[in-house]
Amino acid sequence: MKIYTSYFIPLFSLLLISCGSKEENKKEPETSVTTELVRIVKDTQENRETLIDETPLTKEQFAAWLPETVLGMPLTSSTINMLPGMGSCGATYSVQNRRVRVMIIDGAGEKGNNAVSTYRMSSTMEYDEKGSWGSTKTTTINGIKIKESNLKNGKFNLSMLYDDRFAVDVETYEVGHEELEQLVKELNLGQLH
């Protein structure tokens, strides 16, 4: 144990010394990034505390919202409030191989709030990634910040936090990129209340 301690203390000291001699000009950007992160965490915590006391949407409220068609495709299946104590809705629209799947989780209540926490953090990030699987970028459609993934197999995945409450995932098959804006518009997310 003494051997590890005798190596650890000098290495840790060297690390501290080497980190302290950077240019002074870099402090300002680091400060603004830190300030922005603190603001995001504070806003997230306030939103979380507010939503814990809210009641999740009922089965009837989700059913009233559920669009009958999307991009000319009829609703072929739906599941509402799959988990007790948490509002959720899944829907599939399809014609032959052309298909859109939508999943919504209501962030109200304790369970819903925990379920949408990753969406909440993701909504604060900017994406611009490319790989052998496809690409992911941050975009805005109809005023909603969206994480858009364009997969090599011709699918699109859209992920968003709507109104700081609803986690929304959309997966498409045989739907063109030019149709995504219309798709988000036809979901009528503003009716989720």
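The values are calculated or read from the model by the stated rules, or taken from the named source; none is laboratory data. Values in this document were obtained by computation on a predicted structure and should not be read as measured data. Every residue, glycine as well, gets a Cβ built from its backbone with ideal geometry; the counts of neighbours run over all protein chains shown.
Figures for the structure shown
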| read-out | value |
| --- | --- |
| Only one of 145, 185, 137 that is part of a strand (DSSP E or B) and closer than 26 Å to residue 56 by Cα | 145 |
| Residues of region 98-128 classified as surrounded by fewer than 15 Cβ atoms within 10 Å (Cβ to Cβ) and over 17 Å from residue 145 (Cβ atoms), total | 3 |
| Single unsatisfied condition, residue 102 versus (1) farther than 19 Å from residue 69 by Cα; (2) under 15 Å from the mean Cα position of the chain (by Cα) | (1) |
| Candidate set: region 142-169, residues that are over 21 Å from residue 90 (Cα atoms) and touching a helix residue (DSSP H, G or I) at 6+ places or on another chain (Cβ under 8 Å); chosen: the one surrounded by the fewest Cβ atoms within 10 Å (Cβ to Cβ) | 142 |
| Selected residue [modelled with pLDDT under 95 and either in the same structural domain as residue 67 (by TED's automatic domain parsing) or of a type outside the set (A, V, I, L, M) (or both)] from 124, 138 | 124 |
| Residue selected from region 129-141 under the condition touching a residue at least 12 places away in the same chain (Cβ under 8 Å) and among the β-branched types (Val, Ile, Thr), by the criterion surrounded by the fewest Cβ atoms within 10 Å (Cβ to Cβ) | 138 |
| Extreme residue, nearest to residue 91 (Cα to Cα), among residues of region 54-79 that are in contact with a strand residue (DSSP E or B) (Cβ under 6 Å, 6 or more places away or on another chain) and surrounded by fewer than 11 Cβ atoms within 10 Å (Cβ to Cβ) | 77 |
